[in-house]
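Okay, structure first, notes after.
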Amino acid sequence: MSKPPSVRALAAEALASIALSGHSLREAADRAMPKLADPRDRALLTALLNEGARWWPRFDAALDRLLDKPIRRNEPVIHALLVTGLVQLETLEMPGYAAVAATVEAARELRRPRLAGLVNAVLRRWQRERESLNAALDAAPATRHAHPAWLAKAIARDWPGQAEAIMAAANQEPPLMLRVNRRRATREAVAAALASAGQEVTLHPWLADGLVLPHSTDVTRLPGFAEGHFAVQDGAAQVPADLLDARRDQRILDACAAPGGKACHVLERADVSLLAVEFEAARATRIRQNLERLHLKAEITVADAGDSAAWWDGQPFDRIMIDAPCSATGVIRRRPDVRLHRRAADIDALVAQQSRILAACWETLAPGGRLLYVTCSLLRQENEGVVGAFAAGRDDLTIVPFTLPVGQAAAIGWQVLPGDGDLDGMYYALLERRPA
């Protein structure tokens, strides 16, 4: 019988595919996880991948100081293994001897025995010089907070005086937030069932359907999950249903709808006719799965939301929600691989796409109807920049003012920054179409 792969070897291969080959953390984890049977090994793999992606910009830079010659191009898996070694020593605070020995052994398991000595030497040097190396890495905001340099500069530009707090919040463990499906259960009943199962749970102070658990857990094992009593959804993503304020028998469009959490929330709130438009067929499948588990119904169309001819039947919508494709810079505390995959050059293309979708959807909105534009971005260019450019000079549009218990007014709309109320970063703008 062949020896099962070690956690560290699997983590190195997966992390290399995330950081250096562009695969998503979820894809890499889904490929690696089935190879491990022990729940403790699975937990360690999850920690190594999440923290490896989160702190890659810092430890990648550290390796440039620790190695005489870079190896990320010629030996990407060993480079990733070294990052996991630093994560074990510095972030997970594992016992040094055991972490180094297991990481060196992983190099041999990865069929790089000639590099085992290098792995040992680099990790031992980190242990000897960690104080001075950490001081050097802390000197620059980008490596201090493990953000790509372009993003650290963009946050400082858009949020002067708040940049350090924003980046620090992006590295904190987020709570697990649930949204109770009020068609299937009450918030109090779900909270009581979770408490009886040993979970620490609190009612969110101002989100009517929100529950908060301090730490992540396997939600599929929680009471009520299979019955559709709740879904996982950060509090910032629960706000749109309040702002949209859908009413009985209204016709609703959810553009760019996957994975469907916001659409499901609207359907839980009111008896409406909802069309969910999603560009990617695989992501549309996730909408369908969420609807089925929560016992909800909607029409799903796979199409480009920016091409209304492909999905609109000519009947206007009373409410439209655009959860626009964006940089995801507001949610990197939950999706740490975003900091590895997003590039400064992506933003102009995203803005063009956002503007095209907004213009196309607006034409399907009924007079007197409202459109909610949402992104999970921190960048003003994608937020009030897009909405402001669209609204400029239009005589059929009113910007609807509102406030939230957390966050701050933007030039147009409202911005929640990471950590505000312990929520993810998210932007909202509410527009009303004036009657002719």
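The values are calculated or read from the model by the stated rules, or taken from the named source; none is laboratory data. Computed from a predicted model, the values in this text were never measured in an experiment. Note that each Cβ is placed from the backbone with ideal geometry, even for glycine, and that neighbours are counted across all protein chains shown. In case anyone asks, the SASA skips ligands and DNA or RNA and just uses the protein heavy atoms, side chains included. Shrake-Rupley method; radii C 1.70, N 1.55, O 1.52, S 1.80 Å.
Scanning region 232-257 for residues that are crowded, with 24+ Cβ neighbours inside 10 Å and aliphatic (A, V, I, L, M) yields ALA236, VAL239, ALA241, LEU244, LEU253, ALA255, ALA257. Between ALA47, ALA98, ALA61, ALA80, which is of a type in the set (Gly, Ala, Ser) and either open to solvent by less than 10 Å² (accessible area, probe 1.4 Å) or not in a helix (DSSP H, G or I) (or both)? Among ALA47, ALA98, ALA61, ALA80, only ALA80 is of a type in the set (Gly, Ala, Ser) and either open to solvent by less than 10 Å² (accessible area, probe 1.4 Å) or not in a helix (DSSP H, G or I) (or both).
Evaluated against (1) over 20 Å from the mean Cα position of the chain (by Cα); (2) open to solvent by less than 70 Å² (accessible area, probe 1.4 Å), GLU363 falls short on exactly one condition, (2).
For ILE357, state whether it is in a helix (DSSP H, G or I), open to solvent by less than 30 Å² (accessible area, probe 1.4 Å), farther than 19 Å from TYR427 by Cα and modelled with pLDDT of 95 or more. So ILE357 does not fit the description; no. Applying the criterion of being assigned to a loop (DSSP other than H, G, I, E, B) and charged (D, E, K, R) to the residues of region 157-189, the residue that is farthest from GLU268 (Cα to Cα) is GLU173. Contact map, region 155-173: first residue surrounded by fewer than 15 Cβ atoms within 10 Å (Cβ to Cβ), second residue polar (S, T, N, Q) and assigned to a loop (DSSP other than H, G, I, E, B), Cβ cut-off under 8 Å, separation 6 or more or different chains; pairs are GLU173/SER216.
Kindly indicate the residue of region 216-273 that is under 12 Å from ARG319 (Cα atoms) and among the polar types (S, T, N, Q) and also farthest from the chain's Cα centre (by Cα) among those meeting that condition. If we take residues in region 216-273 being under 12 Å from ARG319 (Cα atoms) and among the polar types (S, T, N, Q), then GLN250 is farthest from the chain's Cα centre (by Cα).
Results for (1) in contact (Cβ under 8 Å) with a residue 24 or more places away in the chain; (2) of a type in the set (A, V, I, L, M, F, W, C); (3) over 26 Å from ALA168 (Cα atoms); (4) surrounded by 24 or more Cβ atoms within 10 Å (Cβ to Cβ), shown as yes or no for each residue.
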{"residue": "VAL386", "(1), (2), (3), (4)": "yes, yes, yes, yes"}
{"residue": "ASP396", "(1), (2), (3), (4)": "yes, no, yes, no"}
{"residue": "LEU404", "(1), (2), (3), (4)": "yes, yes, no, no"}
{"residue": "GLY407", "(1), (2), (3), (4)": "no, no, no, no"}
{"residue": "GLN415", "(1), (2), (3), (4)": "yes, no, no, yes"}
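Beta carbons closer than 7 Å, at least 6 apart along the sequence or on distinct chains, pair a first residue in region 126-149 that is among the basic types (Lys, Arg) with a second that is open to solvent by 60 Å² or more (accessible area, probe 1.4 Å) and part of a helix (DSSP H, G or I) for ARG144/ASP138. Of all residues in region 380-400, exactly one satisfies the criterion of being under 27 Å from the mean Cα position of the chain (by Cα) and either in a loop (DSSP other than H, G, I, E, B) or hydroxyl-bearing (Ser, Thr, Tyr) (or both), namely ASN383. Every condition in (1) of a type outside the set (Ser, Thr, Tyr); (2) farther than 30 Å from ALA345 by Cα; (3) touching a helix residue (DSSP H, G or I) at 6+ places or on another chain (Cβ under 6 Å); (4) without any contact (Cβ under 8 Å) to a residue 60 or more places away in the chain holds for ALA152 except the one numbered (2). Could you check region 190-220 and list, in sequence order, the residues that are assigned to a strand (DSSP E or B), open to solvent by 40 Å² or more (accessible area, probe 1.4 Å) and touching a Lys or Arg at 6+ places or on another chain (Cβ under 8 Å)? Passing the criteria: only LEU203. Would a scan of region 25-42 turn up a residue that is assigned to a loop (DSSP other than H, G, I, E, B), out of contact with any Asp or Glu (no Cβ under 8 Å at 6 or more places or on another chain) and among the basic types (Lys, Arg)? No, region 25-42 contains no residue that is assigned to a loop (DSSP other than H, G, I, E, B), out of contact with any Asp or Glu (no Cβ under 8 Å at 6 or more places or on another chain) and among the basic types (Lys, Arg). Output the residues belonging to region 107-125 that are in contact (Cβ under 8 Å) with a residue 40 or more places away in the chain and under 25 Å from ALA146 (Cα atoms). Within region 107-125, LEU118, VAL119, VAL122, LEU123, ARG125 qualify. Among the residues in region 280-290, are any at pLDDT 95 or above, touching a Leu at 6+ places or on another chain (Cβ under 9 Å) and open to solvent by 20 Å² or more (accessible area, probe 1.4 Å)? Checked region 280-290: at least one residue is at pLDDT 95 or above, touching a Leu at 6+ places or on another chain (Cβ under 9 Å) and open to solvent by 20 Å² or more (accessible area, probe 1.4 Å). Of ALA309, ALA352, ALA344, all but one fail to be out of contact with any Asp or Glu (no Cβ under 9 Å at 6 or more places or on another chain), open to solvent by 40 Å² or more (accessible area, probe 1.4 Å) and in contact (Cβ under 8 Å) with a residue 60 or more places away in the chain; the exception is ALA344. Note on region 372-384: among residues that are aliphatic (A, V, I, L, M) and touching a strand residue (DSSP E or B) at 6+ places or on another chain (Cβ under 7 Å), the one that is surrounded by the most Cβ atoms within 10 Å (Cβ to Cβ) is VAL374.
Among the residues that make up region 135-150, is at least one of them more than 22 Å from GLY52 (Cβ to Cβ), of a type in the set (A, V, I, L, M), open to solvent by less than 30 Å² (accessible area, probe 1.4 Å) and under 20 Å from the mean Cα position of the chain (by Cα)? No, region 135-150 contains no residue that is more than 22 Å from GLY52 (Cβ to Cβ), of a type in the set (A, V, I, L, M), open to solvent by less than 30 Å² (accessible area, probe 1.4 Å) and under 20 Å from the mean Cα position of the chain (by Cα). Inside region 406-420, residues that are in a loop (DSSP other than H, G, I, E, B) and touching a Gly at 6+ places or on another chain (Cβ under 7 Å) make up a count of 5. Looking at the structure I just gave you, is ALA324 in contact with a strand residue (DSSP E or B) (Cβ under 9 Å, 6 or more places away or on another chain) and buried (at least 19 other Cβ atoms within 10 Å of the Cβ)? For ALA324, the condition - in contact with a strand residue (DSSP E or B) (Cβ under 9 Å, 6 or more places away or on another chain) and buried (at least 19 other Cβ atoms within 10 Å of the Cβ) - is met.
Looking for whichever is open to solvent by 40 Å² or more (accessible area, probe 1.4 Å), in contact (Cβ under 8 Å) with a residue 12 or more places away in the chain and closer than 22 Å to LEU20 by Cβ here; the options are THR91, THR103. Which one fits? None of the other options fit; the residue is THR91.
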